[in-house]
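Step one of this worksheet: look at the structure below.
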Amino acid sequence: MKVLHFQELLVWQKAHQLTLGIYKLTKSYPDEERFGLVNQIRRSSASTCANLAEGYKKSTKEFLRFIDIADGSLEETKYHLILSKDLQYCDPAEFDKNYSLACEVGKMLNGLSQKLRF
């Protein structure tokens, strides 16, 4: 069965779950981080989803490029999660949940990329 809409991609669904989790997580960050870390982590997590959506209707070669960009945004999100944990802005259990989901999305992006290459 062919996927007709980017929302049907399992990797997009997981990445979207991560973005929703990031928005929830960052609601409790200090006010002084509103234009700093909060903005950066929300932007990078949403960018992962947005690049999958944007690239989905492109050629396979172009979609692969968008997957690579999404993966870069995901890595940025993972770093911001680590920074959040180290600054003690988030509960360790919430960090673990979101970081694990980010790693799962990364594996799925890699799998999709490999599938499209061969």
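Results for (1) touching a helix residue (DSSP H, G or I) at 6+ places or on another chain (Cβ under 8 Å); (2) surrounded by fewer than 17 Cβ atoms within 10 Å (Cβ to Cβ); (3) without any contact (Cβ under 8 Å) to a residue 12 or more places away in the chain, shown as yes or no for each residue.
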| position | (1), (2), (3) |
| --- | --- |
| ALA15 | yes, no, no |
| LEU25 | yes, no, no |
| CYS49 | yes, no, no |
| PHE66 | yes, no, no |
| ILE82 | yes, yes, no |
| TYR89 | yes, no, no |
| ASN98 | yes, no, no |
| LYS107 | no, yes, yes |
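Do you know which residues across the stretch 23-39 are over 12 Å from the mean Cα position of the chain (by Cα), closer than 15 Å to THR77 by Cβ and part of a helix (DSSP H, G or I)?
Hits for the stretch 23-39 are LYS24, LEU25, THR26, LEU37, VAL38, ASN39.
So which of GLY106, GLY72, GLY55, GLY111 is part of a helix (DSSP H, G or I), of a type in the set (Gly, Ala, Ser) and under 18 Å from GLN7 (Cβ atoms)? Working first, answer last.
Numbers: GLY106 fails: under 18 Å from GLN7 (Cβ atoms); GLY72 fails: under 18 Å from GLN7 (Cβ atoms); GLY111 fails: under 18 Å from GLN7 (Cβ atoms).
Going through GLY106, GLY72, GLY55, GLY111 in turn, the sole match is GLY55.
Going by the structure shown, is ARG43 surrounded by fewer than 12 Cβ atoms within 10 Å (Cβ to Cβ) and closer than 19 Å to LEU83 by Cα?
Values: surrounded by fewer than 12 Cβ atoms within 10 Å (Cβ to Cβ): no; closer than 19 Å to LEU83 by Cα: yes.
No.
Give the stretch 31-47 a look and list any residue that's without any contact (Cβ under 8 Å) to a residue 24 or more places away in the chain and of a type in the set (Val, Ile, Thr), or say none. Reasoning before the result, please.
At the first step, the residues of the stretch 31-47 found to be without any contact (Cβ under 8 Å) to a residue 24 or more places away in the chain are 31-32, 34-36, 38-39, 42-43.
Of everything in the stretch 31-47, just one residue is without any contact (Cβ under 8 Å) to a residue 24 or more places away in the chain and of a type in the set (Val, Ile, Thr), namely VAL38.
Do you know which residues across the stretch 76-93 are more than 18 Å from GLN40 (Cα to Cα) and assigned to a helix (DSSP H, G or I)? First the steps, then the outcome.
Step one: filter the stretch 76-93 for residues more than 18 Å from GLN40 (Cα to Cα), giving 91-93.
Answer for the stretch 76-93, where residues must be more than 18 Å from GLN40 (Cα to Cα) and assigned to a helix (DSSP H, G or I): PRO92, ALA93.
Every number here is computed from the coordinates shown, using simple stated rules; none is lab data. Keep in mind the model is a prediction, meaning the values are calculated, not measured. Because the Cβ atoms are built from the backbone with ideal geometry, glycine has one as well, and the counts that use them run over all protein chains shown.
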